[in-house]
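J.: To start, I am sharing the structure in question, which I have written as structure tokens.
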């Protein structure tokens, strides 16, 4: 609100100055209209510049300086040409505008390639430096981020953008009961995160009306804050990495924390159901890892020891393949059969 008061004062100052100086040699009303329009254009330019990153501004400034330097050199050549003073002046002004514009646009578009860290932090506000992590809608609904916050592995400021909260609200108000429960779960998870010790949750009202998709808005906000995106969305993960934004993927963290199992090891599992292939049994570890055991179909509902034969890492997670030693069981039965037959044989004799 205070900033808008300053902007209004600026426009009034421009109008009053133009009224007394009359730089346009116009009547009172046209002078006021032109000066007010000029003030509004300055405010619009200021609003657009505020949305640009520091790298973009530095790139635009450097590009403009190079463009003006090139225009000055070209103007020297134009001054030596056999042209009338009016034509020479017009050509020099047009070259200056053209070169400055080209340098400004080119520098702004390439500004993201600048490495400000090479300057030793000169252009970094160390007092206000924070570690921001922008929360995605999917990771809020997932809920595991709340448990991570309680363990203390997550530090810094967690940013919940207003457009993400709006999307959660829309999901919570959905006519579909499943979506409605997911949206309400996400809102509850945010409350749990806010109450976690040592965690700061910041609601950011920043929006990007020209960007329609929420994922792209998250990327733009992360680039502006110099933040990382916390998500479990595979597509957002890839797009953000292509745009130069760091991503903390909850699924990748969960896979990295799963226990390491090597072929040849023995593990105890509870056979829960039948597998897809013949004579297979399926079990699950505490972290949800699927274990497929050969020769274990008849052991459904029992806890058995299985020998790991191979481990397969897929995009969906880790799968462990094992084998139930049926031949050992068969050998045990074979040893027992003579004992069962011995009374019959002795009785026959």
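The values are calculated or read from the model by the stated rules, or taken from the named source; none is laboratory data. Here the structure is a predicted model, which means the values were calculated and not measured. When we count neighbours, we look across all protein chains shown, and the Cβ atoms used for this are built from the backbone with ideal geometry, even at glycine.
J.: Of the numbered conditions (1) assigned to a helix (DSSP H, G or I); (2) surrounded by 13 or more Cβ atoms within 10 Å (Cβ to Cβ); (3) touching a helix residue (DSSP H, G or I) at 6+ places or on another chain (Cβ under 8 Å); (4) free of Cβ contacts under 8 Å to residues at least 60 places away in the same chain, residue 235 fails exactly one; give the number of that condition.
T.: (2)
J.: Looking only at helices (runs of 4 or more DSSP H) that fall completely inside the stretch 135-228, which ones have 1 or more residues that are farther than 20 Å from residue 51 by Cβ and in contact with a helix residue (DSSP H, G or I) (Cβ under 8 Å, 6 or more places away or on another chain)?
T.: By residue number, 137-142, 144-151, 162-172, 177-195.
J.: Can you name the residue in the stretch 20-37 that is modelled with pLDDT of 85 or more and touching a helix residue (DSSP H, G or I) at 6+ places or on another chain (Cβ under 6 Å) and, of all such residues, is farthest from residue 207 (Cα to Cα)?
T.: The extreme case among them is 31.
J.: Would you pick out the residues in the stretch 80-96 that are modelled with pLDDT of 85 or more and surrounded by 10 or more Cβ atoms within 10 Å (Cβ to Cβ)?
T.: 87, 88, 89, 90, 91, 92, 93, 94, 95, 96
J.: Give 45, 33 a once-over and let me know the one that is free of Cβ contacts under 8 Å to residues at least 24 places away in the same chain, within 29 Å of residue 225 (Cβ to Cβ) and either surrounded by fewer than 14 Cβ atoms within 10 Å (Cβ to Cβ) or more than 35 Å from the chain's Cα centre (by Cα) (or both).
T.: 45
J.: For residue 244, work out the one condition from (1) in the same structural domain as residue 137 (by TED's automatic domain parsing); (2) assigned to a strand (DSSP E or B) it doesn't fulfil.
T.: Tallying (1) in the same structural domain as residue 137 (by TED's automatic domain parsing); (2) assigned to a strand (DSSP E or B), residue 244 fails exactly one: (2).
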